[in-house]
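Some notes on the structure that comes next.
The values are calculated or read from the model by the stated rules, or taken from the named source; none is laboratory data. The structure presented is a predicted model; accordingly, all values stated were derived computationally and were not measured. We place every Cβ from the backbone using ideal geometry, glycine too, and count neighbours over all the protein chains shown. Please note that ligands, DNA and RNA were not included when accessible areas were found on the heavy atoms of the full protein model with its side chains. Shrake-Rupley method; radii C 1.70, N 1.55, O 1.52, S 1.80 Å.
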Amino acid sequence: QVQLVESGGGLVQAGGSLRLSCAAVSGSFFSIRTMAWYRQVPGKQRELVATITTDRRTNYADSVKGRFAISRDNVKNTVALQMNSLKPEDTGVYYCNARGDMPPAYDLEFWGKGTLVTVSS
């Protein structure tokens with residue numbers, strides 16, 4: 001099993017910055033292919049914020065392009081999300097996501113418990 005431990009959420013004023021971090025902890029060999037951040041607000045579906053592959057190809061939701069930056073450390077199995085120029089609409093619970101292989105099982109997906117980000121206007 002893989003545990004994703006998130007940190008870095010909190011309350012910030014509009015225009016401010018926050019950095020989220022997530023560490024993947026596994027007792028078995030887990031080859032992570034893609035790491036990502038999702039967010040969810042009450043009453044809405046969880047939405048993709050950003051993804052990053054093993055070779056650091058990134059993808060962002062249009063709403064965060066130019067403001068957020070995702071990065072990862074393949075040795076430490078961590079992923080971070082630097083969030084700048086935050087807006088009230090960025091408020092939500094942010095979830096870390098990891099997909100990879102744990103032979104003999106393949107294409108497994110794990111989620112963190114989430115960290116709350118609140119942006120005040």
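Points worth noting:
- Total residues in segment 1-17 satisfying the condition of being open to solvent by less than 30 Å² (accessible area, probe 1.4 Å), touching a Leu at 6+ places or on another chain (Cβ under 9 Å) and in a strand (DSSP E or B): the figure is 3.
Here's the yes/no breakdown for (1) on the phi < 0 side of the Ramachandran plot; (2) under 10 Å from the mean Cα position of the chain (by Cα); (3) charged (D, E, K, R):
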| position | (1), (2), (3) |
| --- | --- |
| ALA24 | yes, no, no |
| THR53 | yes, no, no |
| THR58 | yes, no, no |
| ASP62 | yes, no, yes |
| ILE70 | yes, yes, no |
| THR91 | yes, no, no |
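- Listed here are the strands (runs of 3 or more DSSP E) enclosed by segment 31-103 that have at least 3 residues being aliphatic (A, V, I, L, M) and surrounded by 16 or more Cβ atoms within 10 Å (Cβ to Cβ): 31-40, 47-53, 78-83, 92-102.
- The numbered conditions (1) among the aliphatic types (A, V, I, L, M); (2) surrounded by fewer than 13 Cβ atoms within 10 Å (Cβ to Cβ); (3) touching a Ser or Thr at 6+ places or on another chain (Cβ under 7 Å) are all true for VAL25 except (3).
- Scanning segment 104-118 for residues that are open to solvent by 40 Å² or more (accessible area, probe 1.4 Å) and of a type outside the set (A, V, I, L, M, F, W, C) yields a total of 6.
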